């Protein structure tokens, strides 16, 4: 832990030196009067100057924002059809360098930290498992652009860029340079109350540069009467060989969750991917804490345990012609799925009771249309890294049969999604509509209607930095659900910052609004974003939603993140909740790790049952 904290401290010093070189003088000289005066006061001695450099540095470069947008059009189109002579893999240091400025070398301290505290991904693995092209291939502009996006989406990578270099000796050939900057691989987490209650976790997402990931965490609570010792380990091997198949094994032995499972999966990575699928099997034991919708005062506790296996296979087809609807990025996808669940512990079940705990097996078939592309942007959910925003649409129809211990029933579902940048620089919007239900004797069972609308404003300049506005509207309606199968509007399901198992029902409507200001300062090498939010939620089971109270949450806070590190964003938040049931105080403070969000894509995966969540 001491070495890790020292690394963070040194990282902040090196980040200060780095950003001093990247910020243009014209921008730095326009600093606010407050910070200019602070600089003058703290520049009188070497010590105070060092403290200022440690705590305050300009970090968001308007030039980088402009550069990312300028290369939005496919930069590889002009090289289409040329032959790849050589592939050059250029791996940058985790500190002091940038994929948009390959001439930068970083200072001596940055080079020392990068070489001695981190092992870069092995070049052979990058060539063998991370690239969609080889030496001797024809350059395909879309393949190179997709490969760039896939590299950036990998949690091992901070940022990546592909550059084509035409050869002077052979005009029809070119070299391709792949520039990759790794993320910091070792993360340590933990908490200590007393020697009788503590937890510690270690995660290495790139063991010795092999790209293998291992997470191990232990927890001890000597006063817990149910289970004092808790343990989990997860091992992941991404992109096995040249197959782009990822394997993962889980062993979890915790108070409320015990799981042993193994999984192999491959998604539709790009529009050129023909086959995708997954195979998973395991045993899970859960300790459930539920309430009945019609009596939320009484908590019901019971264990569930089950064995399961789940497999699916999908095939994507290109359209033989192009039109306004069927563009070159459009695909028709056919997928087949089969799974089985066998319970050993569960609550009482019956022909019309607790259907989610039935022993069952299902076979599902889906037919889908997908058209997807990506637009580069920055400062959406990231803190400066290049982000790939999905643009396109999806339509999928799913049908199948389920065999249960209480007979056969059919299933049908439809999904539609669309995402686009609005005209006149109005921002980005995403729409998702879902319907799915089991059917028996022409009656719906466990049906779900849901819809979601997201709006993200354009990046709006403010003084020397930027801010964005986020709006999320969600609606879910469960049809003929069981009493232990319901919705909640706590946390990310509606009102952030609360955890209440009494805000439940089968109908839910939530509205969340957030304004995020990306500060041009950093703290100990971590970039800062300030936010204010307002969340509203309605939930009910019997009456109309409009007859229930509007639960509310308001607040503000800040997020800290260093994109070179891979642990969650640090979030500090204070909220005001005027009408949440069971609140001992209307104010709540929170400090937690916020997992960085990513925009939903338009790739079609396994045929699935629409969940009530």
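What follows is calculated from the coordinates using simple rules that are stated; it is not laboratory data. Every value quoted in this text rests on a predicted model; they were computed, and no experiment measured them. Cβ sites come from the backbone with ideal geometry, for glycine too, and all protein chains shown count toward neighbours.
Here the label points at residue 591 and residue 251, each 7 Å from Cα along the C-beta direction, are separated by 3.4 nm in the simple model.
Translational D (Stokes-Einstein, µm²/s) of region 153-199 at 10 °C and 1.306 mPa s when Rh comes from the Kirkwood sum over C-alpha pairs? The Stokes-Einstein estimate is 106 µm²/s.
Projecting label points 7 angstrom from Cα along Cα→Cβ for residue 570 and residue 542 puts them 4.9 nm apart. Listing 184, 172 from fewest to most neighbouring C-beta atoms within 10 Å gives 172, 184.
In plain terms, the residue of 580, 170 with the fewest other Cβ atoms within 10 Å comes first and the most crowded comes last, giving 170, 580. Rounded to two decimals, the Cα radius of gyration of region 356-396 over 2.2 N^0.38 Å is 1.99. If you take the beta carbon distance between residue 319 and residue 414 as r and set R0 to 25 Å, what does 1/(1 + (r/R0)^6) give as a FRET efficiency, to the nearest 0.05? Once the sixth-power term is evaluated, E becomes 0.75.
A simple spin-label model places the labels of residue 305 and residue 598 3.5 nm from each other, with each point 7 Å out along Cα-to-Cβ. Considering Cα pairs under 8 angstrom that are at least six residues apart, work out the relative contact order of region 256-594 and quote it in whole percent. After rounding, I find 9 percent. Cα extents for region 256-594 along the principal axes, largest to smallest and rounded to whole angstrom: 65, 62, 40. Across region 263-347, how large is the tail of the calculated P(r) beyond 17 Å, expressed as a percent of all Cα pairs? When every Cα pair of region 263-347 is considered, 66 percent fall beyond 17 Å. When the Cα gyration tensor is reduced to axis lengths a ≥ b ≥ c, the ratio a/c is 1.5 or higher for region 195-311, and with a/b not above b/c it is classed as oblate.
Distance from the C-alpha centroid of region 128-174 to that of region 333-368: 43 Å, rounded to the whole angstrom. Restricting the calculation to alpha carbons of region 474-537 gives Rg and Dmax of 16.6, 53 angstrom. Inverting the pair-averaged 1/r between distinct Cα atoms of region 341-454 gives 17.2 Å as its Kirkwood hydrodynamic radius.
If you take the Cα centroid of region 376-400 and the Cα centroid of region 194-235, the two points sit 32 Å apart. Taken over the Cα atoms of region 461-583, the convex hull encloses 136 Å³ per residue. What order do you get for 123, 492, 148 when you list them from fewest to most C-beta neighbours inside 10 Å? Least crowded to most crowded, the residues run 492, 123, 148.
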